[in-house]
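Colleague: Got a structure here, written out as structure tokens. Questions coming.
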Amino acid sequence: MQGNMKCGIYYGIKDVRMEERPIPQIGPTDILIKNLRAGICGSDTGAYLYGGASTGIFSGQQFGHEMVGKVVEKGEEVANDIQIGDIVMIEPLHASRAGTIKADMTGGFSEYVRVDDAKKNVNVYVLDKDIDLDSAAIIEPVSVGTQGAICTNPKMDDKVVVLGAGTIGLSAAAGLIARGMKNVVVVDQVDWRLDKAKEIGAMTINTSVDNLTEKLLEIFGEAKQGTSLDPQYLEAELMQQIIKLTKELNLDLTAKTPDIDLVVDCAGALPLLQQMFNLSKHGTKYVIVAVYHNEIVLNPNIFIMNEPLIVGSQAYSHETILEVIDHITNKKTPINTIITKKFKHDEFPQATEAACNTKENIKVIIDYEL
């Protein structure tokens, strides 16, 4: 296909523009996709507000990596399991021969995107032709949240706390609920965001009005710890020595511990993570999905006493993408409730500004058909 296309181009802090660029030309192993929907990610707004180099978005480049589109051209060597007219989700980590360095610059905010060396279920996922396109646009971020929620292989009856009711937090909760898990709590400080969590089937705690420990004890009950302290059986002098020691170690051996199996941190709020860490029972699992820009300091004595497992989670696996496609195609939860605003493609600069307004929006998408 010859000619030019309209593109969203990143230039720097508070500087994104609509420009015309040549439509990408494909080779024998490539496909050309016409974008139909695109989501604005936190990495996109982070680049817009603070600079893009740290997130892999560079000046003068097309960008955007959450998208769904239609195949309009294919090279002669592309396998028959990808056909012109297919509705597809692009997996941005493997969309370019340049590698993952270009993942955030895949071109979701451009009219057309080339996928290099296109392979089904590697860098292109073929969707049902009647799939809701708005919902399909969020497959990528929902995969990020779901991966974080499931990467430690939670059991169906596990008691889970998700920190943060943004795109990734709500996606993490929805991923668990789509599996049939019932004991999922989302923690945030904004009521309308927590209402979204309720819509997808989660319980909620608003820490701006509720005591976190008390609410978790009310919802999940008290953990049965291996060791405990009962002051009535200790001599006064020994009790005072123990009290002095626990204060020095920043521990409270008499405090009740909520029965929590898994904490998924999608908030990036260090005081909240520290509070949850100090509430851990023996063997609690912690998954860090949120991006922190400073060091994370946690109580070292908790590591010794409670032996928690702490892992990080980034991106997603092939199996997780398939699970999320099934989740969204079969509407296992109303996860598309996270979409709070849509814009026309030529309104991309305004859409980016709106996506930065987290007081009013969770997920902002571009609709190329408007």
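The values are calculated or read from the model by the stated rules, or taken from the named source; none is laboratory data. Computed from a prediction, not measured in an experiment: that's the story for all the values here. Virtual Cβ from ideal backbone geometry, glycine too; neighbours counted across all protein chains shown. With ligands, DNA and RNA removed, areas are computed over all heavy atoms of the protein, side chains included. Shrake-Rupley method; radii C 1.70, N 1.55, O 1.52, S 1.80 Å.
Residue-wise test of (1) modelled with pLDDT under 95; (2) closer than 10 Å to residue 115 by Cβ; (3) outside any loop (DSSP other than H, G, I, E, B).
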| residue | (1), (2), (3) |
| --- | --- |
| 28 | no, no, no |
| 35 | no, no, yes |
| 43 | yes, no, yes |
| 54 | yes, no, yes |
| 57 | no, no, no |
| 68 | no, no, yes |
| 71 | no, yes, yes |
| 78 | no, yes, no |
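Colleague: Could you grab me the full set of residues in segment 80-92 that are in a loop (DSSP other than H, G, I, E, B), among the aliphatic types (A, V, I, L, M) and closer than 23 Å to residue 316 by Cβ?
Modeller: If we filter segment 80-92 for residues that are in a loop (DSSP other than H, G, I, E, B), which is where we start, we get 80-86, 91.
Those left that are additionally among the aliphatic types (A, V, I, L, M): 82, 84.
Within segment 80-92, 82 is the sole residue that qualifies.
Colleague: Any idea how many residues of segment 5-44 are buried (at least 23 other Cβ atoms within 10 Å of the Cβ), within 19 Å of residue 85 (Cβ to Cβ) and hydrophobic (A, V, I, L, M, F, W, C)?
Modeller: Total meeting the criteria: 2.
Colleague: I'd like to check something: does segment 67-87 contain any residue that is in contact (Cβ under 8 Å) with a residue 12 or more places away in the chain and touching a Phe, Trp or Tyr at 6+ places or on another chain (Cβ under 6 Å)?
Modeller: Within segment 67-87, not a single residue is in contact (Cβ under 8 Å) with a residue 12 or more places away in the chain and touching a Phe, Trp or Tyr at 6+ places or on another chain (Cβ under 6 Å).
Colleague: Could you please let me know if residue 115 is among the aliphatic types (A, V, I, L, M), more than 18 Å from residue 22 (Cα to Cα) and open to solvent by less than 50 Å² (accessible area, probe 1.4 Å)?
Modeller: Working: among the aliphatic types (A, V, I, L, M): yes; more than 18 Å from residue 22 (Cα to Cα): no; open to solvent by less than 50 Å² (accessible area, probe 1.4 Å): yes.
The answer is no for residue 115.
Colleague: Quick one: in segment 123-165, of everything that is among the basic types (Lys, Arg) and closer than 24 Å to residue 257 by Cα, which residue is least open to solvent (accessible area, probe 1.4 Å)?
Modeller: If we take residues in segment 123-165 being among the basic types (Lys, Arg) and closer than 24 Å to residue 257 by Cα, then 159 is least open to solvent (accessible area, probe 1.4 Å).
Colleague: Here's a follow-up. Name every residue in segment 45-75 that is among the β-branched types (Val, Ile, Thr) and either open to solvent by less than 20 Å² (accessible area, probe 1.4 Å) or closer than 19 Å to residue 342 by Cα (or both), in order of residue number.
Modeller: Those that are among the β-branched types (Val, Ile, Thr) and either open to solvent by less than 20 Å² (accessible area, probe 1.4 Å) or closer than 19 Å to residue 342 by Cα (or both): 45, 57, 68, 71.
Colleague: Would you say residue 245 is open to solvent by 40 Å² or more (accessible area, probe 1.4 Å), of a type in the set (A, V, I, L, M), at pLDDT below 75 and out of contact with any strand residue (DSSP E or B) (no Cβ under 6 Å at 6 or more places or on another chain)?
Modeller: So residue 245 passes the test.
Colleague: Considering segment 311-363 alone, what residues qualify as being open to solvent by less than 50 Å² (accessible area, probe 1.4 Å) and free of Cβ contacts under 8 Å to residues at least 60 places away in the same chain? If you could, list the steps in order and put the result at the bottom.
Modeller: In the first step, residues of segment 311-363 are kept if they are open to solvent by less than 50 Å² (accessible area, probe 1.4 Å); the result is 311, 313, 315-317, 320-321, 324-325, 327-329, 333, 335, 337-340, 343, 345, 348-349, 351-352, 354-356, 361-363.
Once the filter is applied, which keeps residues that are open to solvent by less than 50 Å² (accessible area, probe 1.4 Å) and free of Cβ contacts under 8 Å to residues at least 60 places away in the same chain, segment 311-363 yields 340, 343, 354, 361.
Colleague: Going by the structure shown, is residue 168 touching a Gly at 6+ places or on another chain (Cβ under 7 Å), within 18 Å of residue 39 (Cβ to Cβ) and either among the hydroxyl-bearing types (Ser, Thr, Tyr) or open to solvent by 10 Å² or more (accessible area, probe 1.4 Å) (or both)? Spell out the reasoning first.
Modeller: Working: touching a Gly at 6+ places or on another chain (Cβ under 7 Å): yes; within 18 Å of residue 39 (Cβ to Cβ): yes; either among the hydroxyl-bearing types (Ser, Thr, Tyr) or open to solvent by 10 Å² or more (accessible area, probe 1.4 Å) (or both): yes.
Answer is yes for this residue.
Colleague: Could you grab the pairs with beta carbons closer than 8 Å, sequence gap of 6+ or different chains, first residue in segment 1-24 and without any contact (Cβ under 8 Å) to a residue 40 or more places away in the chain, second one open to solvent by 30 Å² or more (accessible area, probe 1.4 Å) and assigned to a loop (DSSP other than H, G, I, E, B)?
Modeller: Once the first residue is without any contact (Cβ under 8 Å) to a residue 40 or more places away in the chain and sits in segment 1-24, its partners that are open to solvent by 30 Å² or more (accessible area, probe 1.4 Å) and assigned to a loop (DSSP other than H, G, I, E, B) give 22/3.
Colleague: Looking at segment 93-200, what helices (runs of 4 or more DSSP H) fall wholly within it and have at least 2 residues that are closer than 30 Å to residue 222 by Cβ, in contact (Cβ under 8 Å) with a residue 24 or more places away in the chain and not acidic (Asp, Glu)?
Modeller: By residue number, 139-150, 167-178, 191-199.
Colleague: Quickly run through segment 103-156 and pick out the residues that are within 29 Å of residue 349 (Cβ to Cβ) and of a type in the set (S, T, N, Q).
Modeller: 106, 110, 123, 135, 143
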